[in-house]
1. Every residue in region 21-52 that is surrounded by 14 or more Cβ atoms within 10 Å (Cβ to Cβ), free of Cβ contacts under 8 Å to residues at least 40 places away in the same chain and over 18 Å from VAL69 (Cβ atoms), please.
2. Output the residues belonging to region 68-89 that are charged (D, E, K, R), loosely packed, with under 13 Cβ neighbours inside 10 Å and over 26 Å from GLN3 (Cβ atoms).
3. Can you pull out the residues in region 90-109 that are touching a residue at least 60 places away in the same chain (Cβ under 8 Å) and either open to solvent by less than 10 Å² (accessible area, probe 1.4 Å) or not hydroxyl-bearing (Ser, Thr, Tyr) (or both)?
4. Before we move on, is VAL61 of a type in the set (Val, Ile, Thr), surrounded by 15 or more Cβ atoms within 10 Å (Cβ to Cβ), more than 17 Å from CYS22 (Cβ to Cβ) and in contact with a Ser or Thr (Cβ under 9 Å, 6 or more places away or on another chain)?
5. What residue, of VAL61, VAL53, is in a loop (DSSP other than H, G, I, E, B), in contact with a helix residue (DSSP H, G or I) (Cβ under 7 Å, 6 or more places away or on another chain) and at pLDDT below 90?
6. Give region 21-50 a look and list any residue that's part of a strand (DSSP E or B), within 17 Å of GLU94 (Cβ to Cβ) and of a type in the set (A, V, I, L, M), or say none.
7. Given the condition surrounded by 16 or more Cβ atoms within 10 Å (Cβ to Cβ) and part of a loop (DSSP other than H, G, I, E, B), answer yes or no: does some residue in region 11-20 qualify?
Amino acid sequence: QVQLVESGGGLVQAGDSLRLSCAASGYSFSSYAIGWFRQAPGKEREFVAAISVAAISRLSVSTYYADSVKGRFTISRDNAKNAGYLQMNSLKPEDTAVYYCAARSRLVTSTPSDYNYWGRGTQVTVSS
């Protein structure tokens, strides 16, 4: 099984940047697709970004973004460090939420229920 721990959240002003990290332990993270999701109070958990499985024979990965974060957020992974990252630029107050990283040993998707491993979340608060 894979254990995930998010970090990097905090309180920032609109227009600032944050980088979230997702540290994995257990099985090799390279065999898992990684997704980032967020949930604001009173709202459903929503897809933010995802990155595909990076097999040993694969030279590149595919990335996907919600329309609300395209051009502002960048997802990446470092399999040597067993970690995933979400670089968030030009943050807006509407980005305020608890951010979760997730993993699955199948094709990358944007549906929360498709992921079977989850971190406990990290709070991101963006003031105006």
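1. Of everything in region 21-52, just one residue is surrounded by 14 or more Cβ atoms within 10 Å (Cβ to Cβ), free of Cβ contacts under 8 Å to residues at least 40 places away in the same chain and over 18 Å from VAL69 (Cβ atoms), namely TYR27.
2. LYS70, the sole residue that qualifies.
3. Residues satisfying the conditions are LEU91, LYS92, PRO93, VAL98, TYR99, CYS101, ALA102, ALA103, ARG104, ARG106, LEU107, VAL108.
4. No.
5. VAL53
6. Listed by number, the residues that qualify are VAL48, ALA49.
7. No, region 11-20 contains no residue that is surrounded by 16 or more Cβ atoms within 10 Å (Cβ to Cβ) and part of a loop (DSSP other than H, G, I, E, B).
The values are calculated or read from the model by the stated rules, or taken from the named source; none is laboratory data. Treat the numbers as computed from the prediction; the structure is a model and nothing was measured. Glycine also receives a Cβ, built like all others from the backbone with ideal geometry; neighbour counts cover every protein chain displayed. Keep in mind that these areas ignore ligands, DNA and RNA; they rest on the heavy atoms of the full protein, side chains included. Shrake-Rupley method; radii C 1.70, N 1.55, O 1.52, S 1.80 Å.
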